[in-house]
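> Have a look at this one.
The values are calculated or read from the model by the stated rules, or taken from the named source; none is laboratory data. Bear in mind the structure is a predicted one, so any value in this text is a computation, not a measurement. Methodologically, a virtual Cβ is constructed for each residue, glycine included, from the backbone with ideal geometry; neighbour enumeration extends over all protein chains shown. Just so you know, the surface numbers come from the protein's heavy atoms only, side chains and all, with ligands and any DNA or RNA stripped out. Shrake-Rupley method; radii C 1.70, N 1.55, O 1.52, S 1.80 Å.
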Amino acid sequence: MRYSFFSLALNALSGHRRWRPAWRDAAPRPDYDVVIIGGGGHGLATAHYLAKNHGITNVAVIEKGWIGSGNAGRNTTIIRSNYMLPGNFAFYELSMKLWEGLEQDLGYNAMVSQRGVLNLFHSDAQRDAYIRRGNAMMLEGIDAELLSLDDVRREMPYLAFDDARFPIKGGLMQRRGGTARHDAVVWGYARAASERGVDIVQNCAVTGFLRDASGAVTGVETSRGPIRAKKVAMAVAGNSSRVAEMAGLRLPIESHVLQAFVSEAIKPMIDNVVTFGAGHFYISQSDKGGLVFGGDIDGYNSYAQRGNLPTVEDVCEGGMALMPGIGRVRMLRSWGGIMDMTMDGSPIIDKAPVEGLYINAGWCYGGFKATPASGHAFAHLIATDRPEPTASAYRLDRFRRGHAIDEKGQGAQANLH
């Protein structure tokens, strides 16, 4: 069913009891052209663009739980393209442009809100670094705006401008950045892919890979039986190392928990996404009124979807240093996503050394904002066996070649901060 004013009015007359499911909950078939492991945003986006851009519709997306039950539903919903290094410029700007047309493309309200992302600076050296970043962005045609102290004070009077330790001196704003509703993004891609013939198979865990005599991957073993495929693609976020190990691969990835938090609902307060320049803390306000915020990863390796108390304390300390007023707000809930952290903090989109297997992994902190471009680039790679031009720097062998994309110098280890 297509969504429109007419369909809304028609269903309102029936008490909204006649809406059909947004996508087909399919049973797995014995074989496909492509099997995508992982029913999060990246896997579903890949399926959508395979069907839309390349005409490949004999595709299954298999998910061990329900779609969006992993990192796609466990993030702070921020979208942006304020990157500085050549390997990232074009890719994240492509993602931003896809975000801007996403709802029209999918025919679904993903609640994309370009409310602006502001990175605060607290010292002259940090200001100079942000000026450099902003200039680099503008040279690539990406919007950037340097705000003075007075500009920030006028737009966000609730911040702690006179903090003796971390005085706010200004910020770098990307007005086109903002947020999107993470669940709606998953549902929208699932609906669009299903409409084009893709099978979405939930509660279907991968337990191994099918291999031929040469060792090439020819399908997957699952909890619902074997499924053969000409090509198998991994988009499993924090479980990348575990799934790759089933194929005999050891990836340059560590898995860490990244916690996120939401407060009770309060009246509208924060118009933008704001990041603290003197610590790892970022915050926005949801349409429901809750303050959504997060910070650093937990420092140890883990596959748990929950973190530890010291990191909670560290995140809350950063928030209190930035805007003490939130100390009066009660925290409603918290959750954790499993981040697959590469050594340089940048992702991997590449063919695996094992024939027939394709890898989309290593998204670290940045997986959600990359969802559209990741799916677009991964679909191109699967369909053509060639890297999509904007993602050509994300080859797996860059670590061997010494071509790391060290955007923040912030990888899986604390000494890289």
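> Test Leu44 against the stated conditions and say whether it is closer than 27 Å to Arg242 by Cα and in contact (Cβ under 8 Å) with a residue 12 or more places away in the chain. Full working, then the answer.
Values: closer than 27 Å to Arg242 by Cα: yes; in contact (Cβ under 8 Å) with a residue 12 or more places away in the chain: yes.
For Leu44, the condition - closer than 27 Å to Arg242 by Cα and in contact (Cβ under 8 Å) with a residue 12 or more places away in the chain - is met.
> I'd like the full set of residues that are part of a helix (DSSP H, G or I) and closer than 17 Å to Gly345 by Cβ, limited to region 65-78.
Let us first name the residues in region 65-78 that are part of a helix (DSSP H, G or I), namely 71-73.
Hit for region 65-78 is Asn71, nothing else.
> Same structure again: Would you point out the residue of region 294-351, among those that are within 23 Å of Ile266 (Cα to Cα) and basic (Lys, Arg), that is surrounded by the most Cβ atoms within 10 Å (Cβ to Cβ)?
Among those that are within 23 Å of Ile266 (Cα to Cα) and basic (Lys, Arg), it is Arg333.
> Another question, if that's okay. As an exercise: evaluate Val198 against (1) open to solvent by 20 Å² or more (accessible area, probe 1.4 Å); (2) touching a residue at least 40 places away in the same chain (Cβ under 8 Å) and give the number of the one condition it does not meet.
Just one mismatch for Val198, condition (1).
> Also, quick follow-up: From Asp163, Asp151, which residue is at pLDDT below 95 and of a type in the set (Asp, Glu)?
Numbers: Asp151 fails: at pLDDT below 95.
Of the residues listed, the single one that is at pLDDT below 95 and of a type in the set (Asp, Glu) is Asp163.
> Here's another thing I want to ask about it. Determine the pairs where a residue that is free of Cβ contacts under 8 Å to residues at least 12 places away in the same chain and assigned to a helix (DSSP H, G or I), located within region 229-245, has a partner that is of a type in the set (Lys, Arg) and open to solvent by less than 10 Å² (accessible area, probe 1.4 Å) with Cβ atoms under 9 Å apart, the partner being 6 or more residues away or on another chain.
none
> While we're looking at this one, here's another question. Could you figure out which of (1) basic (Lys, Arg); (2) closer than 26 Å to Ala404 by Cα; (3) open to solvent by less than 60 Å² (accessible area, probe 1.4 Å) isn't true of Lys231?
(2)
> Listed residues Asp105, Asp143; which is within 19 Å of the chain's Cα centre (by Cα), acidic (Asp, Glu) and closer than 29 Å to Gly375 by Cα?
On the way: Asp143 fails: within 19 Å of the chain's Cα centre (by Cα).
Answer to the check: Asp105.
> Another question, if that's okay. Here's a check for you: in region 79-88, which residue that is assigned to a helix (DSSP H, G or I) and not polar (S, T, N, Q) is least open to solvent (accessible area, probe 1.4 Å)?
Restricting attention to region 79-88, the residues satisfying the condition of being assigned to a helix (DSSP H, G or I) are 86-88.
Then keep just the ones that are not polar (S, T, N, Q); that gives 86-87.
Working: Pro86: 109, Gly87: 17 Å².
The residue in question is Gly87.
> Let me ask another. Of all residues in region 273-300, count the ones that are small (Gly, Ala, Ser), farther than 25 Å from Ile168 by Cα and outside any strand (DSSP E or B).
Narrowing region 273-300 to residues small (Gly, Ala, Ser): 277-279, 284, 286, 289-290, 294-295, 299.
Imposing the further condition that a residue be farther than 25 Å from Ile168 by Cα reduces the set to 289, 299.
Among the residues that remain, those that are also outside any strand (DSSP E or B) are: 289.
The qualifying residues number 1.
> Among the residues of region 191-207, which ones are part of a strand (DSSP E or B) and either on the phi > 0 side of the Ramachandran plot or touching a Pro at 6+ places or on another chain (Cβ under 6 Å) (or both)? If you could, list the steps in order and put the result at the bottom.
In the first step, residues of region 191-207 are kept if they are part of a strand (DSSP E or B); the result is 199-201, 206-207.
Within region 191-207, just Val201 meets the criteria.
> Out of (1) farther than 20 Å from Gly41 by Cβ; (2) hydroxyl-bearing (Ser, Thr, Tyr); (3) part of a loop (DSSP other than H, G, I, E, B), the odd one out for Tyr303 is which?
Only one criterion in (1) farther than 20 Å from Gly41 by Cβ; (2) hydroxyl-bearing (Ser, Thr, Tyr); (3) part of a loop (DSSP other than H, G, I, E, B) is unmet by Tyr303, namely (1).
> In addition: Taking the stated definitions as given, is Ala244 open to solvent by 30 Å² or more (accessible area, probe 1.4 Å) and modelled with pLDDT of 95 or more?
Values: open to solvent by 30 Å² or more (accessible area, probe 1.4 Å): no; modelled with pLDDT of 95 or more: yes.
It is false that Ala244 is open to solvent by 30 Å² or more (accessible area, probe 1.4 Å) and modelled with pLDDT of 95 or more.
> Here's a follow-up. Determine whether Tyr32 is crowded, with 21+ Cβ neighbours inside 10 Å, touching a His at 6+ places or on another chain (Cβ under 6 Å) and touching a residue at least 12 places away in the same chain (Cβ under 8 Å).
Working: crowded, with 21+ Cβ neighbours inside 10 Å: yes; touching a His at 6+ places or on another chain (Cβ under 6 Å): no; touching a residue at least 12 places away in the same chain (Cβ under 8 Å): yes.
Judged against the criteria, Tyr32 is not a match.
> Give the residues of region 1-41 that are modelled with pLDDT of 90 or more, part of a helix (DSSP H, G or I) and under 32 Å from the mean Cα position of the chain (by Cα), sorted by residue number.
Answer for region 1-41, where residues must be modelled with pLDDT of 90 or more, part of a helix (DSSP H, G or I) and under 32 Å from the mean Cα position of the chain (by Cα): just Gly41.
> Residues Phe378, Phe368: which one is outside any strand (DSSP E or B), of a type in the set (Phe, Trp, Tyr) and open to solvent by less than 10 Å² (accessible area, probe 1.4 Å)? Let's see the steps before the verdict.
Working: Phe368 fails: open to solvent by less than 10 Å² (accessible area, probe 1.4 Å).
Going through Phe378, Phe368 in turn, the sole match is Phe378.
> Please give the number of the condition Gly356 fails out of (1) small (Gly, Ala, Ser); (2) surrounded by fewer than 19 Cβ atoms within 10 Å (Cβ to Cβ); (3) more than 22 Å from the chain's Cα centre (by Cα).
(2)
> If you don't mind, there's one more thing I want to ask. Kindly provide the set of residues from region 209-221 that are surrounded by fewer than 20 Cβ atoms within 10 Å (Cβ to Cβ) and either within 26 Å of the chain's Cα centre (by Cα) or not in a strand (DSSP E or B) (or both), ordered by number.
If the condition is that a residue be surrounded by fewer than 20 Cβ atoms within 10 Å (Cβ to Cβ) and either within 26 Å of the chain's Cα centre (by Cα) or not in a strand (DSSP E or B) (or both), then Asp212, Ala213, Ser214, Gly215, Ala216 are the ones that fit.
> Which members of region 43-59 meet the condition of being closer than 25 Å to His182 by Cα and either assigned to a loop (DSSP other than H, G, I, E, B) or open to solvent by less than 30 Å² (accessible area, probe 1.4 Å) (or both)? Talk me through it step by step, then tell me what you get.
Here is the first cut: in region 43-59, the residues closer than 25 Å to His182 by Cα are 43-53, 57, 59.
Passing the criteria: Gly43, Leu44, Ala45, Thr46, Ala47, His48, Tyr49, Leu50, Ala51, Thr57, Val59.
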